[in-house]
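Some notes on the structure that comes next.
Please treat every number below as a calculation from the coordinates, not as lab data. Since we're looking at a predicted model, the values are computed, not measured. Using ideal geometry, Cβ is built from the backbone for each residue, glycine included, and neighbour counts are taken over all protein chains shown.
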Amino acid sequence: MTGTPQDGAAAEPRPTDQGVEVTAAVARAVRLLRQSRGWSLDELSGRSGVSKGMVVQIEGGRTNPSIGTLCRLADAFGVTVARLVEPGPPRRVRVGAASEAPLLWQGGYGGSARLLAGLNEPDFVELWEWRLEPQDRHDSADHAPGTREVLHVLTGSATVTVDGTDHLVRAGETIDFPADSAHGYRNEGTEPVRLLMVVVMPPGDFDRRR
């Protein structure tokens, strides 16, 4: 999906060299994970809630999927988003700069989200860095049941919506909440917001048909 300053929606990251690498990694990971489970394209589509046509495009490396689509696919497989976007096999020790982390979301006003790290064994944890410029927002659908998010605001003030209720989180404050229902983050202030997010997921795949 492509965001505009009028709606504040997420815009797809530009097709940089890193973006091309991530697209190829996602295509390979989704195809291998689906085939290793013996799932058809229709099966993955049903489990994830992502259309079959989109799955075909993703596996063919012909599209740069949105952060929402990546989350739905990861939930269906029971893995982290990091498992889908990592270009190579997991390493025992990994050191990386934030600027090298995959850029998976861009807001209509200049905000961004980078996936700094992800663990798949034995726990399922992701670490994100989010930057929200004034008027930027990101709305997220439900994640797998039992998923929780922990946000720590470093600069500015973020409005976090959980189950339709807004919570103002200022610099130096932390919020944690169940992320298995609709939620979102936005910057209603005049200063940029920078926050770190930890996502903790339960083991097992999530079949949205259930």
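Here the gap between residue 205 and residue 95, fully extended at 0.36 nm per residue and compared with their Cα-Cα distance, gives a gain of 36.7 nm. With an a/c value of 1.5 or above and a/b larger than b/c for the gyration tensor axes a ≥ b ≥ c computed over the alpha-carbon atoms, region 104-158 is described as prolate. Across the alpha-carbon set of region 100-201, the Rg to Rh ratio works out to 0.95, Rh being the Kirkwood radius. Quotient of the Cα radius of gyration of region 21-96 and 2.2 N^0.38 Å, N being its number of residues: 1.05. Applying 0.36 nm per residue to the separation of residue 52 and residue 117 and subtracting their alpha-carbon distance, the gain on full extension is 20.5 nm.
What whole number of Å gives the distance from the Cα centroid of region 88-118 to the Cα centroid of region 146-197? Distance between centres, Cα-based: 19 Å. For region 11-85, the relative contact order works out to 39 percent when only alpha carbon pairs closer than 8 Å and six or more residues apart are counted.
For region 46-155, trypsin sites (Lys or Arg not before Pro) meeting the loop criterion (DSSP other than H, G, I, E, B) and having at most 11 other Cβ atoms within 10 Å: 62, 91, 92, 94.
Taking 0.36 nm per residue of separation and subtracting the Cα-Cα distance, full extension of the segment from residue 24 to residue 167 would add 47.7 nm. Counting every alpha-carbon pair across the chain, the share separated by more than 32 Å comes to 12%.
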